[in-house]
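The structure appears below as structure tokens.
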Amino acid sequence: MFNSKNIKMVCSFIIIILFFIIVVFINKRNSSDNETIGAIENNIGSKINSNDVNEEASIDEIILNNGGNDSIEIKETESNITLEEHKEQEEQEKQEKSEEIERYDDVIGNDLPIEHSPEHSGSFVIINSVGYEKFKFSEYNANVYIESVNKHAENIISDVKIYNLIAPTSSEFNMPDEYRDLSGSQKDGINYAYSKMNDRIITVDAYSNIEANKNEYVYFKTDHHWTALGAYRAYESFMKSKSEEPFPLEKYNRIDSKNKYLGSIYNMTENERLENNLDDIWYYKPLLSVEYSAINRNDTTWDANQIIFPSYFERSGKYAVFMGGDTAFSHIKVDSNIERKILVIKDSYGNAFIPFLLPHYGDIFVADPRYYKNNIYDTIEENKIDELLIINYATVLQLPGFSQMLGDMGTADVTSGTAIVGIGDIP
């Protein structure tokens, strides 16, 4: 039998055992909780480290895009940029670039976005999908041209006014600024040539007027020529040098080709990128009627009652819409009461230019040094020429062969009887 003393001892023992069990249970639970918390902390730490790496990578990309300069300063100032924010920024920049390209779809000039590296092909370079003729100035080559022009000033009778117009090309104004070093300064070359010319020669500053209107469609993108509008801007400059008013462009009816144009640069380079950037081509309908006679390079002749030939819009060589292309010699008899006569010695740039002269002259004679075989001085004397305009594009300053042919036009061994006096005299 248990007495009261024994009962007290048993109860105390039971209480001690229960207390021990409770302590053990609490310790075990705390240990388990610590392990769980530790695992969670490790996981969080891992995620934090990963986020730090990603953020670091995004900052590195920013540093790389900025050329790697001042990297410490950039890390300090940009450390709050998250990967998500950076991605949003990239998407925004892509959208802005896409919108910019759309805005400049029809732009010709320095504002074109650069999408492709330049491709060189001889004297031409293709940047994006636009072709340019490179210019490299040489005093030696320029002096050949200057001497040829001066030779005419020294040998042509003093009654004849002599003008010289050197036309800049598209590479001077439209070539993107990033690649301007691929072509030399035509302005410097033209100024040099003009500064060395005989005092008799009236130099025509076509450069300034074209530069002032360079955002217009004054040059083709796939052809080395100027457009009819570019030729008109040069005509304005010519009239200014004569202290005369040009006929306003608004007086002309513009006729556009229904077919797009792949021009001379494409034909000479066959660069496929130009096929994605076809040109528009048009002419301004002449204000007066004409009788037009021409001698071809092979001495055959032909007559027409026009100097614009729209049928060429249906052919590949669409620039020949102006004057029917290059001929050795031609005579334009204008249906007007004006008696003044001009002789134009030209390269193919002159073809788009000459139609604007119709309102100012009764007779316009045209000679191309590459094909003309007679003595130009005889032609001037026999036809009682009042003015001589020598018009060439700036590349002539680097083409001594052409310049020599220009100078030789006054040395052909012919008689004055071979000069064209009038339309009826062409055999």
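The values are calculated or read from the model by the stated rules, or taken from the named source; none is laboratory data. No experiment lies behind these values; they were computed from the predicted model shown. Neighbour counts run over all protein chains shown; Cβ positions are idealised from the backbone, glycine included. Ligands, DNA and RNA are stripped out before the accessible areas are found, and what is left, the full protein with its side chains, is counted by its heavy atoms. Shrake-Rupley method; radii C 1.70, N 1.55, O 1.52, S 1.80 Å.
Report L249's accessible area, 1.4 Å probe, all protein chains in place, as a number in Å² to the nearest 10.
40
Does anything in region 314-350 have its amide N under 15 Å from the 7 Å Cα→Cβ label point of R297, and if so which residues?
Once the point is set 7 Å along Cα→Cβ of R297, 317, 320, 324-329, 347-349 turn out to lie under 15 Å by backbone N, inside region 314-350.
From the alpha carbon gyration tensor of region 260-408, can you work out the equivalent ellipsoid semi-axes (sqrt of 5 times each eigenvalue) and give them in Å, largest to smallest?
Numbers: eigenvalues 148, 81, 34 Å².
Working through the eigenvalues yields semi-axes of 27, 20, 13 Å.
Sorted from largest down, what three extents in whole angstroms do the Cα atoms of region 271-310 have along their principal axes?
40, 31, 9
Quick check: net charge around S403, other residues with Cβ under 12 Å of its Cβ, Lys/Arg +1 and Asp/Glu -1?
Numbers: positive: K151, R370; negative: E147, D347, D408.
Here the count lands on -1.
Place the peptides 208-216, 182-190, 123-131 in order of packing, highest mean first, counting for every residue the other Cβ atoms within 10 Å and averaging per peptide. Each step should come with its number before you reach the end.
Values: 208-216: 16.3, 182-190: 18.4, 123-131: 21.1.
In descending order of packing, they fall as 123-131, 182-190, 208-216.
Work out the charge dipole of region 198-266 with +1 on the Cβ of Lys and Arg and -1 on the Cβ of Asp and Glu about the Cα centre, then indicate which of L262, L249, A206 is farthest towards its positive end.
Looking along the dipole axis, the top candidate is L262.
Give the calculated FRET efficiency between K161 and N215 to the nearest 0.05, with a Förster radius of 51 Å applied to their Cβ-Cβ distance. List each step's numbers first, then the result.
Working: r = 33 Å, r/R0 = 0.65.
Efficiency for this residue pair is about 0.95.
Which percent of the accessible heavy-atom area of region 234-327 goes to carbon and sulfur, probe 1.4 angstrom? Walk me through the numbers on the way to the answer.
Details: 2210 of 5050 Å².
Roughly 44 percent, rounded to a whole number.
Kirkwood Rh over alpha-carbon pairs of region 245-294, then Stokes-Einstein at 37 °C and 0.692 mPa s: what D in µm² s⁻¹, rounded to an integer? Spell out each step's value before the answer.
Values: Rh = 13.8 Å.
Estimated via Stokes-Einstein, D reaches 237 µm²/s.
Dipole size in debye (nearest 20) for region 162-294 around its Cα centre, Lys and Arg Cβ +1, Asp and Glu Cβ -1? Can you show the working numbers first?
Values: 15 positive and 21 negative charges, 71 e Å.
Computed charge dipole of region 162-294: roughly 340 debye.
With a 1.4 Å probe and every protein chain left in place, work out the accessible area per residue of region 265-417 in Å², rounded to a whole number. Don't skip to the answer; put the middle values down first.
Working: 5920 Å² over 153 residues.
For region 265-417, the per-residue accessible area is 39 Å².
On the protein heavy atoms, probe 1.4 angstrom, tell me the percent of accessible surface of region 151-190 carried by carbon and sulfur.
Values: 650 of 1590 Å².
Solvent-exposed carbon and sulfur of region 151-190 make up 41 percent of the total.
Where does each of 295-302, 315-322 land if you order them by average Cβ count within 10 Å, highest first? List each step's numbers first, then the result.
On the way: 295-302: 13.5, 315-322: 18.2.
Ranked by mean Cβ neighbours within 10 Å, highest first: 315-322, 295-302.
Any idea how far apart N191 and Y371 come out in nm if each label point goes 7 Å out from Cα toward Cβ?
The answer from the label model is 3.7 nm.
Work out how much length L249 to K136 would gain on full extension: take 0.36 nm times their residue separation and subtract the Cα-Cα distance, in nm to one decimal.
Numbers: separation 113, 0.36 × 113 = 40.68 nm, distance 3.35 nm.
My answer for the length gained is 37.3 nm.
Pulled fully out, how much extra length does the chain show between S311 and E382, if you take 0.36 nm times their separation in residues and subtract their Cα-Cα distance?
On the way: separation 71, 0.36 × 71 = 25.56 nm, distance 3.44 nm.
Between S311 and E382, full extension yields an extra 22.1 nm.
In whole Å, what three semi-axes, largest first, describe the equivalent ellipsoid of region 135-206 built from its Cα gyration tensor (square root of 5 times each eigenvalue)?
Details: eigenvalues 160, 32, 11 Å².
In descending order, the three semi-axes are 28, 13, 7 Å.
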